[in-house]
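These notes concern the structure reproduced below.
The values are calculated or read from the model by the stated rules, or taken from the named source; none is laboratory data. Everything numeric in this text was worked out from a predicted model, so none of it was measured. All Cβ positions, even for glycine, are placed from backbone atoms using ideal geometry, and neighbour counts span all protein chains on display.
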Amino acid sequence: MKIVLLQVKNYNSLTDNQCMAKLRILFLMLITSLFFLAAEENLDFQPLPKGFQDITLGLSMDETRAALMDDAWFLFRGEPDVSLLSSPNQTLIDSRGADYVSRGLFQFKDDFLYTITIILNSERMDYFSMFTSFNQKYGEFSSLNPDMAVWEDDTVRISLEKPLSVKYIHKETFETLRREAARGINLGTMNRQEFIDQF
């Protein structure tokens, strides 16, 4: 109650114009705050997609090939677009795209699609439009740097990368491969004496 009285006393010392200006500002601040609170409560972000169109993380090689054959965004040619990678049990499908899509890269480990990279046609699409759309659909990014913005949940990591590509990664498989690669580097750098010292 004292606070209210003090405020009234302060306003008594102001001219009518000053008082009205302050009240307008307070009113605008209140309306703006209520608008943002309502907007936050009504935000209904979509869950992160597990891939592009019907090509989703976790598909087998045959399922991915069938999905690519049916997808108008890709000019999949079959066997010529499939290659074995130097890493054990890893395969890559590299398909040309159409229109907004320049190219698609689909990486497998043990017949499990764990990475999808969609390289977009920068003459027809731009980074800012994609970034804005992702923020509106999936909420604020998890991380951001000059090269990419990342959205992630428990199972999938989506990165929008410059100049213009979208990458979907199955997190569990990717982390397993990363640990295996790190272990391989450690073994490769171990010298003879370090190996002997393990016994």
> With respect to the numbered conditions (1) over 19 Å from LYS171 (Cβ atoms); (2) at pLDDT below 95, which one is the sole condition not fulfilled by SER87?
Replying inline: (1)
> Are there any pairs, at least 6 apart or on different chains, whose C-beta atoms fall under 7 Å, with the first in region 74-92 and farther than 19 Å from ILE55 by Cα and the second not acidic (Asp, Glu), and if so, which?
Replying inline: LEU84/THR91; LEU85/THR91; LEU85/LEU92; ASN89/LYS109
>> Cβ-Cβ distance below 6 Å, separation of 6 or more or different chains: which pairs start in region 132-143 with a residue that is closer than 15 Å to TYR168 by Cα and end on one that is of a type in the set (Gly, Ala, Ser)?
In response: PHE141/ALA149
>> I need the full set of residues from region 131-162 which are outside any helix (DSSP H, G or I), closer than 22 Å to ILE55 by Cβ and of a type outside the set (A, V, I, L, M, F, W, C), in order please.
In response: GLU152, ASP153, ASP154, THR155, ARG157, SER159, GLU161
>> Scan region 82-91 and tell me whether some residue there is in a strand (DSSP E or B) and closer than 16 Å to GLU63 by Cβ.
In response: yes
> Residues in region 66-84 that are at pLDDT 90 or above and either within 19 Å of THR173 (Cβ to Cβ) or exposed (fewer than 15 other Cβ atoms within 10 Å of the Cβ) (or both): how many?
Replying inline: 4
